[in-house]
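Take a look at the structure below.
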């Protein structure tokens with residue numbers, strides 16, 4: 001009786017097994033090539049994510065050992081008034097990046113695509129700030145924003161008052177966004193330019209024959225043609241800027257009086273200044289949840305569009 | 001799609017819970033076992049040794065061991081040469097010890113990661129504020145036994161060494177120290193028609209001198225109080241001390257924040273007047289130590305508050321100033337006849353508690369290898385000579401690890417006197433300096449909190465000084481001081 005049952009089991013199992021084996025044989029090299037990527041992702045992405053979740057429930061002491069503290073870290077973070085300010089600062093920073101920075105590469109890409117000469121030079125020139133090391137960037141812009149630097153010299157020449165770009169709380173975040181826009185618009189520009197150049201030239205020619213001017217061509221042909229890319233870049237920028245903290249840290253260390261303290265910078269402060277890795281992890285998990293939701297929205301939207 | 005998402009999320013949650021359960025016990029047990037033993041064993045090792053006297057009378061460990069030591073950064077070429085020479089002499093005496101150089105410079109923001117990754121050197125540098133913090137975290141080895149056996153322990157300058165002796169246990173070795181003062185570019189004052197104040201100066205003198213030399217339109221300030229990072233809180237604390245205030249006090253077994261006192265309000269109000277009445281500080285006041293001292297060396301500010309050797313070094317060796325152009329002042333007293341109190345600070349060397357007993361002992365011996373020896377004098381002379389050859393000045397520490405009045409101190413003074421490129425502090429100024437140690441508990445957290453308050457004062461003319469201080473004190477109290485139980 002038992003023997004028959006085993007045979008039935010083997011018969012049931014074997015077609016699947018052989019199908020699996022066949023699949024594995026056929027796609028062996030494909031799977032083999034996937035292994036390094038999976039290992040890298042597992043070690044440097046998935047494991048830190050899971051560990052971050054674990055740490056968010058613990059008091060972290062790398063020397064004496066960790067202890068489970070339940071949701072204490074979340075309570076600490078949610079009751080910290082600076083955390084609320086950091087969220088508002090991050091939203092303000094993201095909005096400024098959209099307002100000041102988002103349209104710049106689109107505008108430049110369209111302008112460069114319209115150039116008949118020096119297009120190559122313009123592309124390189126626009127991309128150049130992107131390759132400047134950040135240390136040089138911060139030094140350069142500190143000089144530009146200096147009370148006797150070029151911007152203030154110009155303002156004074158125009159009979160206006162000096163502006164303390166970095167230390168005036170109304171200006172500090174704006175100053176950082178202007179600097180970052182200058183440095184980073186080049187890479188987005190290349191992506192937009194590639195998209196603009198794929199728009200069939202005969203559409204423009206037909207529009208020109210119909211009497212369309214430059215603005216009408218941009219409004220009715222270029223912008224609708226790169227609409228999907230614009231939305232994708234918008235979502236990527238929102239996700240990217242929500243994690244911004246480098247410039248805020250390097251230039252002002254989150255000051256003046258937490259005016260440039262972004263959410264990601266506060267995570268950094270919790271971890272490396274207060275050495276409270278548990279609370280920092282809790283902040284990271286909260287951010288992970290919010291950004292995960294944004295990513296799902298983006299994915300759904302994209303799927304719907306397709 | 002939904003099924004896959006739910007499965008994936010479930011798997012992640014499960015993995016998280018499993019890891020949480022594992023790491024609770026596993027990590028605690030493993031780390032405690034690995035981290036605690038060497039500390040205790042280190043002391044044992046020291047006790048068991050007859051030769052931990054700093055003179056290196058034996059050949060060191062029988063087996064080959066490796067220690068990593070604090071090594072100067074690449075910009076300090078002369079110091080590196082001296083350290084290389086010391087390593088050579090040390091390894092000649094202890095052939096079984098391999099010395100690995102580590103140019104990691106202590107940072108309160110990095111030490112946690114360094115200890116967690118077990119990457120901190122066997123011997124690393126730190127500052128005066130960090131003694132209690134490192135000892136409590138278990139990040140500094142208890143070197144009491146090694147220190148007790150050290151032949152020159154009685155000759156270590158107690159002003160510095162005592163800052164790393166906590167509850168009778170020794171956690172660090174003093175290198176050099178300072179009492180915070182104000183370094184003044186007297187040439188700039190004279191050129192701009194500002195009167196050079198007397199050494200026994202007051203807040204009012206500062207409030208007169210700073211605007212007299214400042215020219216905001218030209219980007220020149222009278223004084224550059226630090227306004228960024230923890231440095232801002234540290235700078236302001238000098239004024240708190242001058243006004244007779246305290247950072248914290250121990251009351252009934254609890255640590256209580258005290259900096260929102262009347263003295264604190266006076267000190268913060270003085271900053272407010274300096275900024276808004278006198279308009280004497282840089283317009284881009286978000287300066288940390290490097291920015292402020294750099295600004296002094298560039299002649300963009302006439303005065304800077306710091307351990308005097310740093311700004312003097314940068315002014316003379318990088319800013320091209322002459323010793324006659326610079327004067328080291330004590331911190332100004334709040335009122336005439338008051339104390340010129342400045343924060344007492346210094347550099348220390350700490351032994352890594354994760355190192356083996358032999359490594360700890362050798363690290364201690366390395367740290368004290370040249371102390372009180374002729375080698376130190378030879379090395380010092382070579383350093384000064386090398387600087388002279390390069391056309392640079394040598395700036396001695398304000399406070400040495402030894403007492404300058406001792407026999408060894410006199411030998412060092414004799415070396416200094418041989419050269420004309422050794423900066424000489426004005427004894428009258430040094431005599432006026434009144435050093436006060438920093439707070440023992442969560443000093444960096446206090447500094448960070450006060451930095452925000454100072455930034456608010458510098459950014460907002462109508463700020464309510466007392467309200468800011470009260471809010472800051474409450475934050476420091478609840479966040480950092482309440483959890484502490486003083487034994």
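Rounded to the nearest 500, what is the 222 nm mean residue ellipticity of the protein assembly as shown from helices alone, with -39500 (n - 2.57) per DSSP H run of 4+ residues and division by all residues?
Value at 222 nm, helices only, nearest 500: -17000 deg cm²/dmol.
Using only Cα atoms, locate the centre of region B:282-331 and the centre of region B:136-168, then give the distance between them in Å, rounded to an integer.
If we compute the Cα centre of each part, the gap is 33 Å.
Round to the nearest 0.05 the FRET efficiency obtained for residue A:116 and residue A:235 when R0 = 25 Å and r is the Cβ-Cβ distance. List each step's numbers first, then the result.
On the way: r = 34 Å, r/R0 = 1.35.
About 0.15, to the nearest 0.05.
From the gyration tensor of the Cα coordinates in the protein assembly as shown, what semi-axes in whole Å does the equivalent ellipsoid have, largest first, with each one equal to sqrt(5λ)?
Details: eigenvalues 518, 325, 137 Å².
Its equivalent ellipsoid spans semi-axes of 51, 40, 26 Å.
With an 8 Å cut-off on Cα pairs and a minimum separation of 6 or more residues, tell me the relative contact order of chain B in percent.
About 23 percent, as a whole number.
Compute the distance from the alpha-carbon center of region A:162-236 to that of region B:229-269, in whole Å.
With region A:162-236 and region B:229-269 each reduced to a Cα centre, they are spaced 52 Å.
Please say if chain B is rounded, prolate or oblate, where rounded means a/c under 1.5 for a ≥ b ≥ c the square roots of the C-alpha gyration tensor eigenvalues, and otherwise the choice is prolate for a/b larger than b/c and oblate otherwise? Let's see the in-between values first.
On the way: a/c = 1.86, a/b = 1.16, b/c = 1.59.
Taking the square roots of the gyration eigenvalues as a ≥ b ≥ c, chain B is oblate.
So if R0 is 35 Å, what FRET efficiency would residue B:375 and residue B:484 give, r being the distance between their Cβ atoms, rounded to the nearest 0.05?
0.25
Other chains near B:149-160: what is the mean number of their Cβ atoms within 10 Å of each residue's Cβ?
Averaged over the peptide's residues, the number is 0.
For the pair residue A:297 and residue A:199, how long in nm is the line joining their label points, each one 7 Å along Cα→Cβ?
Each label point lies 7 Å from its Cα, and together they span 2.7 nm.
Quick check: residue separation of residue B:249 and residue B:59 times 0.36 nm, minus the Cα distance between them. What number comes out in nm?
Full extension of this stretch gives 63.6 nm more.
Using a simple spin-label model with points 7 Å from Cα along the Cα→Cβ vector, what separation in nm is obtained for residue B:273 and residue B:192?
Roughly 1.9 nm, to one decimal.
Residue A:136 to residue A:98: FRET efficiency via 1/(1 + (r/R0)^6), r the Cβ-Cβ distance, R0 30 Å, to the nearest 0.05? Show your work: numbers first, answer last.
Details: r = 27 Å, r/R0 = 0.89.
The formula returns an efficiency of 0.65 here.
In percent, how large is the relative contact order of region A:183-306, given Cα pairs closer than 8 Å and 6 or more residues apart?
Relative contact order for region A:183-306 comes out at 15 percent.
When chain A is modelled as a GNM with alpha-carbon springs shorter than 10 Å, which of A:291, A:99, A:193 fluctuates the most?
Looking only at A:291, A:99, A:193, the biggest GNM fluctuation is shown by A:99.
Please work out the Cα center distance from region B:437-487 to region A:39-90, rounded to the nearest Å.
25 Å
Modelling each spin label as a point 7 Å along the Cα-to-Cβ direction, I'd like the residue B:431/residue B:144 distance in nm, to one decimal.
Spacing of the two 7 Å Cα→Cβ label points: 4.0 nm.
Two decimals is fine: what is log10 I(q)/I(0) at q = 0.11, 0.17, 0.18 Å⁻¹ for region A:75-305, from a Debye sum with one equal scatterer on every Cα and no solvent?
Treating every Cα as an identical point scatterer, log10 I(q)/I(0) equals -0.71, -1.25, -1.31.
Decide, for region B:269-347, between rounded, prolate and oblate: order the square roots of the alpha carbon gyration tensor eigenvalues as a ≥ b ≥ c, take rounded if a/c falls under 1.5, and otherwise choose prolate if a/b is larger than b/c, else oblate.
Values: a/c = 1.72, a/b = 1.21, b/c = 1.43.
Because a/c hits 1.5 or more and a/b fails to exceed b/c, region B:269-347 counts as oblate.
Mind checking the full-extension length gain between residue B:218 and residue B:136? Use 0.36 nm per residue of separation minus the Cα-Cα distance, one decimal, nm.
24.7 nm
Report the extension gain between residue B:118 and residue B:73 in nm, rounded to one decimal, defined as 0.36 nm multiplied by the number of residues separating them, less their alpha carbon distance. Can you show the working numbers first?
Values: separation 45, 0.36 × 45 = 16.20 nm, distance 2.09 nm.
Full extension of this stretch gives 14.1 nm more.
For Cα pairs less than 8 Å apart in space and 6+ apart in sequence, what is the mean separation divided by the residue count of chain A, i.e. the relative contact order in percent?
26 percent
Laboratory data are not the source of any read-out in this text; all were calculated from the coordinates shown. None of the values given here were measured: they were computed from a predicted structure. We place every Cβ from the backbone using ideal geometry, glycine too, and count neighbours over all the protein chains shown.
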